Amino acid sequence: MLKKILGILLFLIGIILLLSILSSVLKMILIEEKDIIGQDESYVISYYSGKITLILLFCFINFLCFKYGYRLMRGNKKTPENEGIETIGKN
C-alpha cells in the first residue's frame, strides 16, 4: 500500500515537472528575453546553453519519476510459472 502511494506521488511530481518543462520551453520560444537584450554574444550563447542543459536534466529526472512511479503503482504481479516437460510428474 505504501509503495502504491509513493508511486502515485512520484507520478504526480512527474506531471508537475512536465508542465514546468513545457512552460519553460514555450517561454523560451515565444517570449523575448529582456535579460539578454544588449548583452555580449558569448553571454547570450551561454545563457541559452545553460537553459537547454537544465531542460535536458529536468527531462531525465521527469523520465525517472514516470518510470519508477509507474513501476511502484503497478505493484508486484506474480505470474504463474509454466510447467515444462521436465516438471511433469514430479509433484
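With a cut-off of 14 Å between beta carbons, the residues surrounding residue 36 carry a summed charge of -2, where Lys and Arg count +1 and Asp and Glu -1. Per residue, the range 5-62 exposes 76 Å² of solvent-accessible protein surface, assessed with a 1.4 angstrom probe and all protein chains in place.
Summing +1 for each Lys or Arg and -1 for each Asp or Glu among the other residues whose beta-carbon sits under 11 angstrom from that of residue 3 gives +3.
The values are calculated or read from the model by the stated rules, or taken from the named source; none is laboratory data. Only a predicted model underlies this, so the values are computations on that prediction, with no experimental measurement involved. Counting neighbours? That spans all protein chains shown, and the Cβs are built from the backbone with ideal geometry, glycine included. Surface areas here come from the heavy atoms of the whole protein model, side chains and all, with no ligands, DNA or RNA. Shrake-Rupley method; radii C 1.70, N 1.55, O 1.52, S 1.80 Å.
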